[in-house]
Amino acid sequence: MDLLANLSQGFAVALTWSTLLLAVSGCFAGTIIGSLPGLGPSNGVAILIPLAFSLGLDATEVLVLMTSVYYGAMYGGRISSILLNIPGDEPALMTTLDGYPMAKQGRAADALVLSGVSSFVGAFLATIGLMLLAPLLANVAYLFGPSEYFALYLLAFCTLGGLASKNQIKAALASAVGLGIAMIGLDNQTGLPRLTFGELALMDGVDFLVAIVGLFAVSEIFIFIESHGKNTAIGIKLDKITIPVKDIVNSGVTMLRGTLIGFFAGILPGAGASLGSFLAYMGEKSLAKDGNTFGTGNPKGVAAPEAGNNAAAGGALVPMLTLGVPGSGTTAVLLAVLLTLNITPGPLLFEERPEVVWGLIASLLIANVVLLIMNVPLVRLFVKVLSVPPHVLLPGIAMVAFGGIYSLSGSSHDLVLMIVFGLVGYFCRKLGVPTVPIILGILLGNNMEDNLRRAMIISGGDWTYLFSSGIAIGLWVAAIGGFVAPLFLRNLLKKPKPKI
Amino acid sequence: MKFSSKLIGASFALVMGIGTVGNSAECIAPANPGGGWDFTCRAIGKIMYDIGAVDEPIKVTNMAGGGGGLAYGHVVNERNDDGDLIVAASSATATRLAQNAYAGMMADQVSFLGAIGADPGVLVVASDSPYMNLMDLLNAVMNDPTSVTFAGGSATGGFDHLKVLMALGEVGYDDVLSVKYVGLDGGADAITQTIGGHTQAMTGDISEVVGFLKSGDVRVVAVFTDERIPGFEDIPTAKEQGVDLVAVNWRGLYVPKDISEADYNKWADALAQVAASDEWAQAMADNGLAPFTKVGDDFQEYLAGVIADVQQLSKEIGVIQ
């Protein structure tokens, strides 16, 4: 009964008119921020910090506003993934794979509603998981050392090959390019710069938001210019919103599996939402009976990553609150907000500041309900932003992309780099090289390398250390299985017929 | 749907407009939100405004890159006479300047304003660790350097790493390359790895370990200050245990080089007011900072000494030539 008492205390804090108003406006602003390419949850939350403090809000109100924006952006990221094939933020990357083909088949509305429901399932269940298990789950983070993390990332890369249904060599090439880009910057173990050409701006490596916006949004602009605005994919019409009951029912198990995978990826501080949605997608691809039609507009391919990334967002709050370890860029910003409010997350936060924790949890639950309403019946509102004619929309995207990227570090180098990535993306599209593996290489490569190097320092160069725990061995087995299985399956199942 | 497009227009304007909040003074935190520099900007900026030392709220800009080098270069090259700018700094700033890690830029290319608090350095082990005190830990390294891996929140050659080597140097162990150190993404990450048993000890600052100390997950074997810290009287200093080392991570600010003397004095005065305020005393207590106030010339003199020391040491241990 402690739980209910705590929760009702939390709702008492969160359910006032002013906080509800903040939750609604936070969800609204967050959804828009998330749906705009280049503005993700982390800069969405970051740019609202000065506003929150200048409004003179108290600790709970600030938290309600910030988490509403955070969750809103996680929901919103899918909108441009589905309609424009441009991920609104990095965890929404995987949603482009099936969401956009669905939209091209005239099922954009279905994809949006389905992904909205999946987001809700993922986020809601994850919040409940956070509520029930947070102090216990913190221990999971202790179990993961360098060798376990390395095996986890290896698993991700081993399943990458299955991502490109057409040409695995091109996918491998693309992920190698991504890994190479990930190496740019100060080497964390020796402190020496690599591949920076003496440029201070490259010392911290390439920000993956710069890469995403360049590869997806800027290259789209180049394609648009080249075709003189005729042959562009952008500008998908949205039909009447109906509830695709059949898809939702069919994807029920998918959502639950995606939620589970995403939540656990979120709990691990080194993994986060991007890995969560990736593993949820790849897991579902191998588990679902119709997994071979993933990438061609399978509704399950939309449900899995959306449940996964929203669950990961909830999971990422676990190490942030209980250990003070931010699992993602956004939780790092939230951590900063907490510290500024003189709330120090750590093992004792749940006991010392229950009103903060339970207020936060209650506001997360409220935000989720608000977002479900906003993102299913009212999704048209947000689609309006993106469904204006391409010759109006693309300059807008260019503006937001440049503004958003500049706001990251306030440096013009990032803008130049973004344009370079735009050119790379343009040529990749022309050559049929998938850009998703490039992003994943950049996103995950650094962590994988760092953990391998740490493992080697700890063990003094002894490779057997990588297999020194049950978790690590299990992950290795899964990784090898994930790499080898498709090679055999490919021969057994002939080329999948795209579903029409 | 007429109504909705208006709404969208308005929210668009909201999203685009939020980034700029008037033309107040700016504090650059040369790192992403969440770290010490970010705390410095936000806490000092907020208190300066709250106690009336400045008229407008201070805007915080995060400019991560090159371990603070990007912001340093930005200030030196583009904002060299901006009187409305302050930048967060700490021991790490001095360490990197001493090690030529800011692409050859020197400490005298900005004006250091002052430090108004310090995070004492600590060595921490998990509560079930066999190492009960500082000498246990250092002896273990001296007997078999492969038996102990230190985890810290900064890269190799950073202040967390140097502290371990300095402490070992004090007890006569100078085979610095044999000491195993892994750099993680922040102190909390390093402590998580140590509690999980993946590394044997964590080197960091006391603010990074407070939560874990209170929950009983870790034991602090030594704090590198002259005296025991108020509020943490149970933690023995390294000096008491025969290791004569004082290593603190001071928190402070620098300003651009070519601002007017009036502007410099205005900021120095505002910083001194913060240092003397009750709000700052509370913020220090909440974050495990110990009082450490040096403003203006006093600070610059102290800093020159520190940089010379780190430079000397970095050469001895081979981090720089």
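The values are calculated or read from the model by the stated rules, or taken from the named source; none is laboratory data. Everything quoted here is computed from the prediction, not taken from an experiment. Cβ coordinates were reconstructed from backbone atoms using ideal geometry, including for glycine residues, and neighbour counts include every protein chain displayed.
Some notes on this structure:
- Summed over the range A:324-343, the residues that are under 15 Å from B:Ala31 (Cβ atoms) and more than 15 Å from the chain's Cα centre (by Cα) give a count of 5.
- Subset of the range B:190-199 that is at the interface with chain A (Cβ under 9 Å from one of its Cβ atoms) and crowded, with 19+ Cβ neighbours inside 10 Å - its residue that is farthest from the chain's Cα centre (by Cα): B:His198
- Filter pass, A:Gly283 being farther than 27 Å from A:Gln9 by Cα, more than 13 Å from chain B (Cβ to nearest Cβ), at pLDDT 80 or above and surrounded by 24 or more Cβ atoms within 10 Å (Cβ to Cβ): no
- In the range B:256-291, the residues that are of a type in the set (Asp, Glu) and assigned to a helix (DSSP H, G or I): B:Glu261, B:Asp263, B:Asp269, B:Asp278, B:Glu279, B:Asp286
- A:Gly88 vs. criteria within 14 Å of chain B (Cβ to nearest Cβ), modelled with pLDDT under 85 and either over 30 Å from A:Ile458 (Cβ atoms) or under 16 Å from the mean Cα position of the chain (by Cα) (or both): yes
- Hits in the range A:1-49 - residues which are assigned to a helix (DSSP H, G or I) and of a type in the set (Val, Ile, Thr): A:Val13, A:Thr19, A:Val24, A:Thr31, A:Ile32, A:Ile33, A:Val45, A:Ile47, A:Ile49
- In the set A:Val302, A:Val253, only one residue is on the phi < 0 side of the Ramachandran plot, surrounded by fewer than 24 Cβ atoms within 10 Å (Cβ to Cβ) and at pLDDT 85 or above; that residue is A:Val253.
- Among the candidates B:Gly216, B:Gly231, the residue that is assigned to a loop (DSSP other than H, G, I, E, B), small (Gly, Ala, Ser) and more than 29 Å from B:Val306 (Cα to Cα) is uniquely B:Gly216.
- None of B:Asn100, B:Asn80, B:Asn62 is surrounded by 24 or more Cβ atoms within 10 Å (Cβ to Cβ) and in the same structural domain as B:Ile259 (by TED's automatic domain parsing) except B:Asn62.
- The set of residues in the range A:339-348 that are closer than 19 Å to A:Leu130 by Cα and either in contact with a Gly (Cβ under 9 Å, 6 or more places away or on another chain) or within 7 Å of chain B (Cβ to nearest Cβ) (or both) comprises A:Thr344, A:Pro345, A:Gly346, A:Pro347, A:Leu348.
- Test result for B:Ala222, touching a helix residue (DSSP H, G or I) at 6+ places or on another chain (Cβ under 6 Å), touching a residue at least 60 places away in the same chain (Cβ under 8 Å) and not assigned by TED's automatic domain parsing to the domain that holds B:His74: yes
- Total residues in the range A:309-329, condition away from every other protein chain (no Cβ under 14 Å) and not hydrophobic (A, V, I, L, M, F, W, C): 4
- The residue of the range B:139-194 that is modelled with the lowest pLDDT, among those that are hydroxyl-bearing (Ser, Thr, Tyr) and more than 25 Å from B:Asn287 (Cα to Cα), is B:Thr156.
- For B:Arg96: the one exception among (1) charged (D, E, K, R); (2) within 13 Å of chain A (Cβ to nearest Cβ); (3) in a loop (DSSP other than H, G, I, E, B): (3)
- Subset of the range A:186-204 [within 8 Å of chain B (Cβ to nearest Cβ), in contact with a strand residue (DSSP E or B) (Cβ under 8 Å, 6 or more places away or on another chain) and hydrophobic (A, V, I, L, M, F, W, C)]: A:Leu186, A:Met203
- Any hit, the range B:172-189, residues being away from chain A (no Cβ under 14 Å), buried (at least 23 other Cβ atoms within 10 Å of the Cβ) and closer than 19 Å to B:Ala247 by Cβ: no
- Any hit, the range B:62-75, residues being closer than 19 Å to A:Val333 by Cα, in contact (Cβ under 8 Å) with a residue 60 or more places away in the chain and under 14 Å from the mean Cα position of the chain (by Cα): yes
- Restricted to the range A:252-289, and to residues there that are outside any helix (DSSP H, G or I) and in contact (Cβ under 8 Å) with a residue 40 or more places away in the chain, the residue that is nearest to the chain's Cα centre (by Cα) is A:Gly272.
- When B:Leu177 is tested against (1) assigned to a loop (DSSP other than H, G, I, E, B); (2) within 18 Å of A:Ile457 (Cβ to Cβ); (3) of a type outside the set (Ser, Thr, Tyr), exactly one condition is not met: (1).
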